[in-house]
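Below is one structure; the comments refer to it alone.
The values are calculated or read from the model by the stated rules, or taken from the named source; none is laboratory data. Predicted model, so just to flag it, every value in this text is computed and none were measured. Note that we place each Cβ from the backbone using ideal geometry, even for glycine, and neighbour counts take in every protein chain shown. For accessibility, only protein heavy atoms count, side chains too; no ligands or nucleic acids. Shrake-Rupley method; radii C 1.70, N 1.55, O 1.52, S 1.80 Å.
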Amino acid sequence: MQNQEFDFIAIGDIVTDAFIKLKEAEVHCDIKKDTCQICLNFADKVPYESVTVLPAVGNSPNAAVAAARLGLKTALVTNLGADYHGAEAIAKLESEKVATDFVTKHEGAKTNYHYVLWYQDDRTILIKHEKYPYVLPDFALSAGRQGNPQWLYLSSLGEFAFPEYHEKIIEYLESHPEIKVAFQPGTFQIKAGTEKLARLYQRTEVFFCNVEEAEKILKLEIGSEKFEIKKLLEGIKQLGPKLVVITDGPKGAYVYDGNETWFGPTYPDPKSPLERTGAGDAFSATFTATLALGESVLTALACGPINSMSVVQQVGAQAGLLSRAELEKLLATAPEDYKPQKLD
């Protein structure tokens, strides 16, 4: 994909996920702390039902695939090992029409490999991020590009990407104000705190997180009380993003621009969810891609849940991602009450 300008470039770690479907487990929840734990018999042989291995996944790869299927010229900036899993990931990206020009292979390194404990309709992920020498390309100069991307989508990076790599990303964005930024922070980016990433928050066009993540970002004591969604939206907005989007699982999503707040309901599931991995990625990527396609914020709020609904009907974060035609068909045939609602 040389000599063209990309619509959408995602930056973030790529992984291979091995989904292990458990047969025998228990879930114990603490209502006061609003947390649950999955429990297996210690020092026992625990039977499992199946294993499904999915290459080229992760928050940013999932977003790149979602954008590509919706018709955007898309690329991914990531690092992987020069190993079997790395080669498999590159082949998968290419099959999805995601440009791999900015994918860096490292000799002697391993590709990130995670284990997903799949029980009922949800999952617990065992993660391990390899240490790579992160390098940010100059998109406008690399391989004869005509210019920078329209949108840059930044999500989950491992702990070794701090602080130097994020500093390089922020400096690049500050020197190229024409690039619009979507930021969906991952685990380590949330742990880094808002002070270390203050310039990134201020440079962000659209910010995505869920309710629990918003509480962590704002350093609220999770589970001690139920914070009003408006307070969470306003708290994140004060950090600098132009548009704040907070999802609340099957309850829907909220958008706040500093003046108006809108609620978007979930799209009706045709049947019970099979597995929920990637629902948030599908929503955030589809919301961003819809804006990149020239549509309004309210249209983006209506399109995001459709891809989320489709993703949870299949295993993994990418199998259920829709084409633009498929998504528009579902939007056109949506129930009459499926529309964003303005909140007071």
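Screening the candidates ASP44, ASP101, ASP17 for the property of being open to solvent by less than 30 Å² (accessible area, probe 1.4 Å), of a type in the set (D, E, K, R) and either farther than 17 Å from LEU321 by Cβ or not in a loop (DSSP other than H, G, I, E, B) (or both) yields one hit, ASP17.
Look through GLN146, GLN120 and report the one residue that is within 22 Å of ALA317 (Cβ to Cβ), over 21 Å from the mean Cα position of the chain (by Cα) and at pLDDT below 95. It is GLN120.
Going through segment 109-140 one residue at a time, which ones are open to solvent by less than 60 Å² (accessible area, probe 1.4 Å) and in a loop (DSSP other than H, G, I, E, B)? Within segment 109-140, ALA109, THR111, ASP121, HIS129, GLU130, TYR132, TYR134, LEU136, PRO137, ASP138, PHE139, ALA140 qualify.
The conditions of being assigned to a helix (DSSP H, G or I) and in contact with a helix residue (DSSP H, G or I) (Cβ under 9 Å, 6 or more places away or on another chain) are not met by ALA56.
Looking at this structure, is GLU171 charged (D, E, K, R), modelled with pLDDT of 95 or more and in a helix (DSSP H, G or I)? For GLU171, the condition - charged (D, E, K, R), modelled with pLDDT of 95 or more and in a helix (DSSP H, G or I) - is met. Cβ separations smaller than 9 Å between residues 6+ apart or across chains give the following pairs from segment 322-338 residues that are over 16 Å from THR266 (Cβ atoms) and in contact (Cβ under 8 Å) with a residue 60 or more places away in the chain to residues that are open to solvent by less than 80 Å² (accessible area, probe 1.4 Å) and not aromatic (Phe, Trp, Tyr): SER323/ARG69; SER323/LEU70; SER323/GLY71; ARG324/ARG69; ARG324/LEU70; ARG324/GLY71; ARG324/ALA289; ARG324/LEU293. Among the numbered conditions (1) of a type in the set (S, T, N, Q); (2) modelled with pLDDT of 95 or more; (3) farther than 20 Å from GLU328 by Cβ, the only one that SER224 does not meet is (2).
Number of residues in segment 189-221 that are in a helix (DSSP H, G or I) and either β-branched (Val, Ile, Thr) or open to solvent by 30 Å² or more (accessible area, probe 1.4 Å) (or both): the value is 11. Pick out the one residue from ALA64, ALA68 that is buried (at least 20 other Cβ atoms within 10 Å of the Cβ) and farther than 21 Å from LEU200 by Cα. Sole residue among the options that is buried (at least 20 other Cβ atoms within 10 Å of the Cβ) and farther than 21 Å from LEU200 by Cα: ALA68.
Quick one: would you say SER284 is open to solvent by less than 40 Å² (accessible area, probe 1.4 Å), free of Cβ contacts under 8 Å to residues at least 60 places away in the same chain, part of a helix (DSSP H, G or I) and of a type in the set (Ser, Thr, Tyr)? Judged against the criteria, SER284 is not a match. Looking at segment 258-272, is at least one residue closer than 17 Å to ALA64 by Cα and part of a loop (DSSP other than H, G, I, E, B)? No, that holds for no residue.
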